[in-house]
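Colleague: Okay, handing you the structure first.
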Amino acid sequence: MSFKVAVIGDVDTTTGFALAGASYVHVHTKKEETLAKLSELLATEGIGLVLITHSIAEELGAEFRRAIRTKKLLPVVLRIPDKTGYMPAVDELYDLIKRTVGAEIVVRAEGG
Amino acid sequence: MAAAVAVVTPTRMELLKLKQRVSLAQRGHDLLREKMDALVIEFFEILRRIGEARTSALKQLSQAYRALSICSAIMGTIETRQASKEARRELEVEVSTHHVMGIVVPTLEVEKVERSVLDRGYSLYTTSSVLDDASREFEKALGLLVKLAELEESARAIARELEKTKRRVNALEYILIPRLRAALKFIAMRLDEMERENFSRLKRIKAMLEAGA
């Protein structure tokens with residue numbers, strides 16, 4: 001099955017990925033709008049991957065986390081850094097490991 | 001635990017039943033524990049691969065942003081945006097699912113993420129070659145990001161399953177099995193006590209009979 005790619009980001013991010021062939025782009029301006037767009041994208045059939053920049057994901061906060069927790073298997077949501085290279089200080093995966101494996105978090109350090 | 005003990009009736013039948021339940025719970029616990037160990041191995045394998053994929057994807061992505069900035073500078077921001085709107089935006093990602101330890105994990109694959117200049121769809125006459133560079137860099141980045149997304153999603157799915165399994169193992173290990181064992185012990189003690197009572201009762205009856213005779 002073939003699926004399309006969607007991008008939520010600032011102007012530069014969306015421009016770049018549109019050039020690369022992403023079918024749906026949304027330029028983030030207001031939180032409410034982006035949230036509505038996000039849930040629309042998550043509910044649309046035929047979208048396989050949603051890229052969202054870290055800074056926007058952080059701005060959306062709890063609503064964003066709830067949206068990805070309750071979504072179906074598809075689309076896959078991936079957070080990417082934007083032009084400034086912004087990444088949150090606490091890695092979400094790191095958090096995940098801490099929660100699931102408990103004390104064995106050190107292994108992550110050599111994995112990168 | 002006292003409540004659990006209170007409801008069992010101290011009979012031999014119950015003792016046998018409980019023994020069976022304990023061995024069943026123990027077996028279930030061992031199986032789940034093995035599953036958990038296997039999941040942890042799988043999880044760390046995927047984390048290692050995420051580490052690699054992430055490094056290369058992020059490097060490529062920052063390169064792409066750089067190329068785009070250069071493009072905006074040379075061609076102009078508005079023109080660049082205009083070209084991105086003209087571009088053919090029909091990238092297709094092949095999605096299938098596969099199973100890791102019985103967990104459904106999506107597999108994303110993208111064919112031909114890098115297109116030729118003519119396939120991109122924007123006008124070549126009005127655009128500069130730096131736009132082609134930027135597009136190519138972004139296509140490359142997108143290809144890597146698709147793989148990264150697949151891995152991160154797998155890690156998340158496995159982590160969810162791992163959490164669930166862990167909770168079950170703990171429930172068996174710390175609640176169900178100790179509770180059953182306590183009930184078992186209670187019945188065994190009770191039966192022993194009854195036997196001793198009976199013994200002394202018989203002794204007493206014998207003594208009475210002997211005294212009467």
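The values are calculated or read from the model by the stated rules, or taken from the named source; none is laboratory data. In this text the structure is predicted, and so the values were computed from the model without any measurement. Every residue, glycine as well, gets a Cβ built from its backbone with ideal geometry; the counts of neighbours run over all protein chains shown.
Colleague: Can you tell me which residue is nearest to residue B:40 (Cα to Cα) among those in region B:99-138 that are part of a loop (DSSP other than H, G, I, E, B) and away from chain A (no Cβ under 11 Å)?
Modeller: Taking the candidates together, the pick is B:101.
Colleague: Which one of these is under 23 Å from residue B:10 (Cα atoms) and touching a residue at least 60 places away in the same chain (Cβ under 8 Å): B:188, B:159?
Modeller: Unique residue meeting the criteria: B:188.
Colleague: From the list B:69, B:96, B:23, exactly one residue is facing chain A (nearest Cβ under 9 Å), out of contact with any helix residue (DSSP H, G or I) (no Cβ under 6 Å at 6 or more places or on another chain) and surrounded by fewer than 14 Cβ atoms within 10 Å (Cβ to Cβ). Which is it?
Modeller: B:96
Yes or no, residue by residue, for (1) in contact with a Gly (Cβ under 9 Å, 6 or more places away or on another chain); (2) of a type in the set (Ser, Thr, Tyr); (3) more than 30 Å from residue B:45 (Cα to Cα); (4) in a helix (DSSP H, G or I):
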position: B:144; (1), (2), (3), (4): no, no, no, yes
position: B:161; (1), (2), (3), (4): yes, no, no, yes
position: B:168; (1), (2), (3), (4): yes, no, no, yes
position: B:178; (1), (2), (3), (4): no, no, yes, yes
position: B:196; (1), (2), (3), (4): no, no, yes, yes
position: B:201; (1), (2), (3), (4): no, no, yes, yes
position: B:204; (1), (2), (3), (4): no, no, yes, yes
position: B:208; (1), (2), (3), (4): no, no, yes, yes
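Colleague: If you go through region B:44-54 one residue at a time, do you hit one that is farther than 18 Å from residue A:94 by Cα and either more than 7 Å from chain A (Cβ to nearest Cβ) or in a helix (DSSP H, G or I) (or both)?
Modeller: no
Colleague: Another question about this same structure. Give the residue, chosen from A:101, A:106, that is among the aliphatic types (A, V, I, L, M), exposed (fewer than 12 other Cβ atoms within 10 Å of the Cβ) and either modelled with pLDDT under 80 or within 18 Å of residue B:152 (Cβ to Cβ) (or both).
Modeller: A:106
Colleague: Still on this structure: Going by the conditions given, is residue B:74 surrounded by fewer than 16 Cβ atoms within 10 Å (Cβ to Cβ) and touching a Ser or Thr at 6+ places or on another chain (Cβ under 8 Å)?
Modeller: yes
Colleague: Among the residues of region B:40-99, what is the count of those that are among the basic types (Lys, Arg) and touching a Lys or Arg at 6+ places or on another chain (Cβ under 7 Å)?
Modeller: Final tally of qualifying residues: 1.
Colleague: Any residue that is at pLDDT below 80 and closer than 20 Å to residue B:61 by Cα - is there at least one of those in region A:69-81?
Modeller: No, because not a single residue in region A:69-81 is at pLDDT below 80 and closer than 20 Å to residue B:61 by Cα.
Colleague: From (1) facing chain A (nearest Cβ under 8 Å); (2) crowded, with 20+ Cβ neighbours inside 10 Å; (3) at pLDDT 80 or above; (4) assigned to a helix (DSSP H, G or I), pick out the condition that doesn't hold for residue B:80.
Modeller: Only one criterion in (1) facing chain A (nearest Cβ under 8 Å); (2) crowded, with 20+ Cβ neighbours inside 10 Å; (3) at pLDDT 80 or above; (4) assigned to a helix (DSSP H, G or I) is unmet by residue B:80, namely (3).
Results for (1) within 14 Å of chain B (Cβ to nearest Cβ); (2) outside any helix (DSSP H, G or I), shown as yes or no for each residue.
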{"site": "A:7", "(1), (2)": "yes, yes"}
{"site": "A:29", "(1), (2)": "no, yes"}
{"site": "A:34", "(1), (2)": "no, no"}
{"site": "A:50", "(1), (2)": "yes, yes"}
{"site": "A:66", "(1), (2)": "no, no"}
{"site": "A:72", "(1), (2)": "yes, yes"}
{"site": "A:77", "(1), (2)": "yes, yes"}
{"site": "A:87", "(1), (2)": "yes, yes"}
